[in-house]
Amino acid sequence: MLLAYVHGICSRKSSFNCFRRTHFLSSTRFLFPSKRRQVRAPSLHLSCLYTTREKSVNSSKPILHPKITILGGGFGGLYTALTLSRYPWTRLTKPKITLVDRSDRFVFLPMLYEVAFGQLDKWQVAPTFSQLLQGTDVEFVLGQVEKVDVQKSTCEIFSTKYGQKEFYHDRLVIAIGTEPSLSSVPGADKYALPFRTLEHAEQLKQKLVNLTKMRRQQNRKPVIFVIGGSYSGVELASNVAEYFRGEARVCIVDRGNRLLDAASEHNRNVALQTLRSLNVESLLDMEVSCVTENAVSLKSIQESTQESEKKFDADLVLWTAGFKPSSWLQFVALEKDPTGRILTSSTLQATRHDNIFVLGDAAAVTDVNGQRCKATAQVAIQQAECAAWNIWASLCNKKPVPFRYEHLGELMTLGKYNGTAEVFGIPLSGTSAQFTRRLAYLFRMPTNLHRLKVGQNWVFKPVSCFFENFSFPL
Ligand SMILES: Cc1cc2nc3c(=O)[nH]c(=O)nc-3n(C[C@H](O)[C@H](O)[C@H](O)COP(=O)(O)OP(=O)(O)OC[C@H]3O[C@@H](n4cnc5c(N)ncnc54)[C@H](O)[C@@H]3O)c2cc1C
């Protein structure tokens, strides 16, 4: 409640009236349903729709039922689709919204740990798109995007339903995220396990079970290396160490000279203290030179002699270091930054292509205050609201609003009942931080219905478990 209230206040401070309204709507909708009536959503008139077939989004030829194609159903894409579907389009002006994803499930990535460590069920963290889009007019296409032709305004999508098919769009949203970049280290592609998708979480869950069996059979502690000392690496390392309760050797490796370099002071201190208490070994100023089936080689980045390279036995290597945009994106004729992310204006429109909106991890966005947006879900969700508004504005010949990022806080899991958080400047740690984290994520789930189902489960499951395990003394 507190979070929702404070978030509402913050949103009200936002300087763009139109953006503020939608932002406020979605952030407080569940806990304060009455707010919905106060929000003045954009009213759409047939006369305000404009075609982009002539490239300019402001050409004066009206079109009926503009086609909006959204590539990627993650935080950026799905939340844009849902926001657009809530706008009060009239029957004639209603756009045809198509959401394309290669998976049939949306994944709430910040809670991927809960799936891997068996703390939550798959349906809670990764609901299907068909469930989430129920009752909306968004069409979901299960398919792999293979090509975008910015001149012809088409996308080539391969799906089992349609085979290879070309989709025409009046407005395009690119929100396909990034993928793990393992190819630079020999053997990493084959032997390291990245942590980026639902499949990775399920594979990790299975590997943890196998390592537990191995420990019992061979009577030796498994050795687990976590590569990358940023948020995901530290969260994984602490959860793995907690899972084995001292019965495994867990090492975390980073090229830098300290872990969690980008985190807040409070979160870094709490996380480091937790890693120490769980006996996680930190190997800093080291980079991975090679991964094999049962070993990992590390070399010091300070001395680059051959003696500085060390080989360690490893039963499992978890990879959280480095993500890159999808390789097919390099063939899309849009301007990119040196890392391959698509450059946009502060209104989230691709450079020189006003009918293409790019957001989330695949976009290189500098917001209206000049701050470079990070690759986080928090950024992608806020961008989705702005992109949806600007798509509407571009169809109505209205001025788009620039994106302004509001940092709401930082939440980390460090174990089943342990975490660290800094929300609106308030530092929390331990169970209260984990509780706040879960509550904030529940509140951020994509639809009311899913939020309700998950919330109900979190409340009633412990109660029913208690009664199941309770035996009356006879
Ligand atoms: C383990 C983990 C923990 C994280 N924790 C946090 C956190 O606590 N807080 C936070 O703010 N951020 C966190 N992040 C980062 C956050 O999840 C991302 O920044 C966010 O998901 C980016 O949103 P997106 O829409 O750009 O991409 P994604 O959410 O990755 O979505 C991209 C979608 O595009 C689809 N796709 C990709 N390529 C294709 C293709 N060729 N064809 C069809 N579909 C395609 C994918 O299937 C996916 O559904 C975490 C990330 C990970 C991996």
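The values are calculated or read from the model by the stated rules, or taken from the named source; none is laboratory data. What you see is a predicted model; the values in this text were computed from it and never measured. Here the Cβ positions follow ideal geometry from the backbone for every residue, glycine too, while neighbour counts run over all protein chains shown. Surface accessibility is based on the protein's heavy atoms, side chains included, excluding ligands, DNA and RNA. Shrake-Rupley method; radii C 1.70, N 1.55, O 1.52, S 1.80 Å.
Can you tell me which residues in the range 239-253 are open to solvent by 10 Å² or more (accessible area, probe 1.4 Å) and part of a strand (DSSP E or B)? Of everything in the range 239-253, just one residue is open to solvent by 10 Å² or more (accessible area, probe 1.4 Å) and part of a strand (DSSP E or B), namely R249.
Does L329 satisfy the criteria of being over 16 Å from the mean Cα position of the chain (by Cα) and away from the ligand (no atom under 12 Å from the Cβ)? No; evaluated as a whole, the condition is false for this residue. The set of residues in the range 427-440 that are open to solvent by 40 Å² or more (accessible area, probe 1.4 Å) and either free of Cβ contacts under 8 Å to residues at least 12 places away in the same chain or of a type outside the set (D, E, K, R) (or both) comprises P427, L428, S429, T431, S432, F435, L439. Within the range 100-139, being of a type in the set (D, E) and more than 9 Å from the ligand (Cβ to nearest atom) holds for D104, E114, D121, D137, E139. Given the options F443, F424, name the one that is open to solvent by 60 Å² or more (accessible area, probe 1.4 Å), of a type outside the set (D, E, K, R) and in contact (Cβ under 8 Å) with a residue 40 or more places away in the chain. After ruling out the rest, the residue left standing is F424. Are any of the residues in the range 214-234 more than 12 Å from the ligand (Cβ to nearest atom), within 30 Å of L395 (Cβ to Cβ) and among the aliphatic types (A, V, I, L, M)? So far as the range 214-234 goes, no, none of its residues is more than 12 Å from the ligand (Cβ to nearest atom), within 30 Å of L395 (Cβ to Cβ) and among the aliphatic types (A, V, I, L, M). When the residues of the range 288-304 are filtered to those that are within 29 Å of the chain's Cα centre (by Cα) and farther than 14 Å from C251 by Cβ, the one that is most open to solvent (accessible area, probe 1.4 Å) is C290. A count restricted to the range 184-228 and to residues that are open to solvent by 40 Å² or more (accessible area, probe 1.4 Å) and over 28 Å from the mean Cα position of the chain (by Cα) stands at 9.
Pairing each residue of the range 344-366 that is in the same structural domain as Q383 (by TED's automatic domain parsing) and within 23 Å of E179 (Cβ to Cβ) with any residue that is aromatic (F, W, Y) and buried (at least 24 other Cβ atoms within 10 Å of the Cβ), provided the two are 6+ apart or on different chains, yields C-beta distances under 7 Å for L348/F357; L348/F403; G360/F75; V365/F403. Report yes if some residue within the range 202-211 is closer than 23 Å to V288 by Cβ and in contact with a Gly (Cβ under 9 Å, 6 or more places away or on another chain); otherwise report no. Scanning the range 202-211 turns up at least one residue that is closer than 23 Å to V288 by Cβ and in contact with a Gly (Cβ under 9 Å, 6 or more places away or on another chain).
Of all the numbered requirements in (1) outside any helix (DSSP H, G or I); (2) touching a residue at least 24 places away in the same chain (Cβ under 8 Å); (3) open to solvent by less than 60 Å² (accessible area, probe 1.4 Å); (4) not β-branched (V, I, T), M111 misses one, and that requirement is (1).
If you filter the range 87-102 down to residues that are closer than 26 Å to S159 by Cβ and surrounded by fewer than 18 Cβ atoms within 10 Å (Cβ to Cβ), you find that the one that is farthest from the chain's Cα centre (by Cα) is K94.
Filtered by the rule that a residue be modelled with pLDDT under 95 and touching a Leu at 6+ places or on another chain (Cβ under 6 Å), the range 394-440 gives a lone residue, L395. K161 fulfils the conditions (1) part of a strand (DSSP E or B); (2) more than 30 Å from V288 (Cα to Cα) except for a single criterion, (1). Once the range 348-399 is narrowed to residues that are in a strand (DSSP E or B), more than 11 Å from the ligand (Cβ to nearest atom) and small (G, A, S), the residue that is surrounded by the fewest Cβ atoms within 10 Å (Cβ to Cβ) is A364.
If the requirement is being in the same structural domain as M111 (by TED's automatic domain parsing), basic (K, R) and farther than 16 Å from T83 by Cα, which of these qualifies: K416, K398, K453? When all the criteria are applied, what remains is K398. Screening L172 with (1) touching a residue at least 60 places away in the same chain (Cβ under 8 Å); (2) closer than 19 Å to D101 by Cα; (3) not in a strand (DSSP E or B) gives one miss only, at (3).
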